[in-house]
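Right, one structure below, let's go through it.
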Amino acid sequence: QVLLVESGGGLVQPGGSLRLSCAASRITFSIYTMGWYRQAPGKERELVAIITSGGSTDYADSVKGRFTISRDNAKKTVYLQMHSLKTEETAVYYCNATRALIPTWGQGIQVTVSS
């Protein structure tokens, strides 16, 4: 069973930066598409960024130019570097691993953007 563990969340001021990490285990990490999603209170979960096994990336329009997703296959870890954070980006951020359309989710980590 795939296990995903997020870390790096917390409280940050508006305009600040944060880097999330997601460590995977029990998985042939390099062949999976990895992604970050978020869910704000009262809202649906939404895609933030994905990175394919080949390293191609895609982002939600709202985060383009501010967020960067990357992966280290040797460490079985995916990262989300976030800059210029906004208060409305307060949410639980979830790591996702998908292979053959079958998703696996991490437990989520809270990111709070507040002064």
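Taking region 69-81 as the region of interest, how many residues are in a strand (DSSP E or B) and either of a type outside the set (Asp, Glu) or surrounded by 15 or more Cβ atoms within 10 Å (Cβ to Cβ) (or both)?
8
Which residue pairs have Cβ atoms closer than 8 Å, lie 6 or more positions apart in sequence or on different chains, and pair a first residue in region 59-87 that is over 18 Å from residue 46 (Cα atoms) with a second residue that is open to solvent by 70 Å² or more (accessible area, probe 1.4 Å)?
none
Would you be able to say whether some residue in region 24-41 is assigned to a loop (DSSP other than H, G, I, E, B), modelled with pLDDT of 95 or more and small (Gly, Ala, Ser)?
Scanning region 24-41, I find at least one residue that is assigned to a loop (DSSP other than H, G, I, E, B), modelled with pLDDT of 95 or more and small (Gly, Ala, Ser), so the answer is yes.
Pull up region 54-68, narrow it to residues that are among the polar types (S, T, N, Q) and part of a strand (DSSP E or B), then point me to the one that is surrounded by the most Cβ atoms within 10 Å (Cβ to Cβ).
Checked region 54-68; the qualifying residue surrounded by the most Cβ atoms within 10 Å (Cβ to Cβ) is 68.
Could you tell me which numbered condition residue 15 fails, if it satisfies all but one of (1) touching a His at 6+ places or on another chain (Cβ under 9 Å); (2) surrounded by 13 or more Cβ atoms within 10 Å (Cβ to Cβ)?
Single failed check for residue 15: (2).
Among (1) out of contact with any Asp or Glu (no Cβ under 7 Å at 6 or more places or on another chain); (2) surrounded by 15 or more Cβ atoms within 10 Å (Cβ to Cβ), which single condition is residue 38 missing?
(1)
Of all residues in region 90-114, which are open to solvent by 70 Å² or more (accessible area, probe 1.4 Å) and modelled with pLDDT of 95 or more?
105, 107, 110
State the number of residues belonging to region 1-23 that are over 11 Å from the mean Cα position of the chain (by Cα), modelled with pLDDT of 95 or more and among the polar types (S, T, N, Q).
Total satisfying the criteria: 2.
Looking at 68, 77, 87, can you tell me which residue is modelled with pLDDT of 95 or more and farther than 19 Å from residue 7 by Cα?
Exactly one of 68, 77, 87 is modelled with pLDDT of 95 or more and farther than 19 Å from residue 7 by Cα, namely 87.
In region 52-88, which residues are within 10 Å of the chain's Cα centre (by Cα), farther than 16 Å from residue 12 by Cβ and among the aliphatic types (A, V, I, L, M)?
69, 78
The values are calculated or read from the model by the stated rules, or taken from the named source; none is laboratory data. The structure presented is a predicted model; accordingly, all values stated were derived computationally and were not measured. Cβ atoms come from the backbone with ideal geometry, glycine included; neighbour counts cover every protein chain shown. For the accessible areas, the whole protein counts, side chains as well, though only heavy atoms, and no ligand, DNA or RNA atoms are used. Shrake-Rupley method; radii C 1.70, N 1.55, O 1.52, S 1.80 Å.
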